[in-house]
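The values are calculated or read from the model by the stated rules, or taken from the named source; none is laboratory data. Owing to the predicted nature of the structure, the values given are computational and were not obtained by experimental measurement. Neighbour counts are summed over all protein chains in view; Cβ atoms, including those assigned to glycine, are modelled from backbone coordinates with ideal geometry.
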Amino acid sequence: MSSSSSASASAVPPEDDVCSICHDPFRIPCQANCSHWFCGKSLLLPPPARMMMMVALSAIYVLSPVDFLPESVLGIVGFLDDLFIILIVFMHLAAVYRSLLVYRHGGQY
């Protein structure tokens with residue numbers, strides 16, 4: 001492995017950077033799949049309320065007859081926006097769960 005490829009995937013956040021959510025120095029740094037760094041506490045505050053609200057709002061959108069791509073007009077293609085919302089919810093839940101595992105286990109896998 002070359003040194004240029006290992007330098008782009010850093011195991012620690014940049015020292016002069018701050019969390020883009022809370023704008024504080026990183027307390028529990030978590031790196032997203034896209035290589036962005038976030039403060040773990042910002043992602044986890046408060047996880048039950050954030051996750052329940054996100055799941056409830058996405059369920060309301062999926063079950064609602066009002067859509068960006070209405071099923072009544074477009075048929076099966078109208079379900080694409082609902083599937084996209086469900087995909088985003090699952091991706092967010094996976095990211096929160098991953099951050100929770102890192103927080104609980106201290107980065108040890």
Every residue from segment 61-89 that is at pLDDT 85 or above and surrounded by fewer than 11 Cβ atoms within 10 Å (Cβ to Cβ) | L83, L87
From the residues in segment 58-109 that are in contact with a Gly (Cβ under 7 Å, 6 or more places away or on another chain) and among the charged types (D, E, K, R), which one is farthest from F26 (Cα to Cα)?
-> E71
Count, please, the residues in segment 12-32 that happen to be assigned to a loop (DSSP other than H, G, I, E, B), without any contact (Cβ under 8 Å) to a residue 24 or more places away in the chain and either of a type in the set (D, E, K, R) or within 23 Å of Y97 (Cβ to Cβ) (or both).
-> 11
Within segment 90-109, restricting attention to residues that are at negative phi and outside any helix (DSSP H, G or I), which residue is surrounded by the fewest Cβ atoms within 10 Å (Cβ to Cβ)?
-> Y109
